[in-house]
1. Most exposed first by the Cβ proxy, i.e. fewest other Cβ within 10 Å, how do Asp85, Asp197 rank?
2. If you filter the range 1-76 for trypsin sites (Lys or Arg not before Pro), then keep DSSP loop positions with at most 12 other Cβ within 10 Å, what is left?
3. About the Cα centre, and with charges only on the beta carbon of Lys, Arg (+1) and Asp, Glu (-1), how big is the dipole of the chain? Nearest 20 debye, please.
4. Give me the percent of DSSP beta bridges within the chain that run antiparallel, rounded to the nearest 5.
5. Of Trp153, Ile133, Phe198, which is farthest towards the positive pole of the range 116-211's charge dipole, taken about the Cα centre with +1 and -1 on the beta-carbons of Lys, Arg and Asp, Glu respectively?
6. Which loop-located trypsin sites (Lys or Arg not before Pro) does the range 96-197 contain, where loop means any DSSP state but H, G, I, E or B and the Cβ has at most 14 other Cβ atoms within 10 Å?
7. Could you work out how far helix 35-52 tilts from the main Cα principal axis of the chain, as a 0 to 90 degree angle to the nearest 10?
8. About its Cα centre, what dipole magnitude does the range 156-219 give when the only charges are +1 on Lys and Arg Cβ and -1 on Asp and Glu Cβ, stated in debye to the nearest 20?
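Rule-based calculations on the coordinates, nothing more; no lab input. None of the values given here were measured: they were computed from a predicted structure. We place every Cβ from the backbone using ideal geometry, glycine too, and count neighbours over all the protein chains shown.
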Amino acid sequence: MISYSLIELHDIFVTNGLKNLLGREFAINKMGYSGEDVKVVTDRVVLYFEAEGRELQSLQTFGCGSWMLQFIFKGMYIELHELKDVIDGHNKYDFDLTLSISFLKGQLEICNRHGAKPDIPLIGQKVAVSKEIYEGSEVNGVRYKSPSHMTGWYLTSNSYKGDIKSLSVDHLYHLLKKRPDLAKFMALPFGYRFYKDFKEEDVWLDEEVVKATSLFSTE
């Protein structure tokens, strides 16, 4: 990856070394984060554009850590904004990376802890969810190989009776908006399970799930 550094300027970080690649340097709202935290996100962006050789455009969006960034050209810098809400079908972005840093950092940490290669889903992909999970219940998660519009994740509560049709199929955005505490598990690859309640959490690889196909395909 191209070498670059972060420089602190009052309440923002700016990069040094990306102008030749991107045409401008990045500007990131510090929001109390360290340069190391910020680089978890900026490294991912830099690696993508370096590998793809594409030109970065103003107002372009970018999936990062199961969340969404938007690039805003402002003077000599490219500000990194993140999705904050969807209102009447329109995405609202703020000059902030709080969720992007938190989600991506947690995903990489948990995958590293369990020796798993991260497979990070996009917020536009779908998950199958027990309705109780949106109300804060415990979660039994399992990820199957699935069609590209699905993440592969099936998230059920302890009251789930095995009827797949009882599950709600929603965009990952809606799940993480309600349950941001589940974001860190989402990058675990196909074959993994996790359990989380109010007191404990556990993660393990299920070889039977690795061999299995999707439980169901749905739009």
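1. Neighbour counts put them in this order, fewest first: Asp85, Asp197.
2. Numbers: sites: Lys19, Arg24, Lys30, Lys39, Arg44, Arg54, Lys74; in loops: Arg24, Lys30, Arg54.
Those satisfying the criteria are Arg54.
3. Numbers: 26 positive and 31 negative charges, 65 e Å.
The calculation lands at about 320 debye.
4. So the antiparallel bridges in the chain amount to around 85 percent.
5. Among Trp153, Ile133, Phe198, the one farthest towards the positive end of the dipole of the range 116-211 is Trp153.
6. Details: sites: Lys105, Arg113, Lys126, Lys131, Arg143, Lys145, Lys161, Lys165, Lys177, Lys178, Lys184, Arg193, Lys196; in loops: Lys145, Lys161.
Here the sparse-neighbourhood loop sites are Lys161.
7. 90 degrees
8. Computed about the Cα centre, the dipole is about 240 debye.
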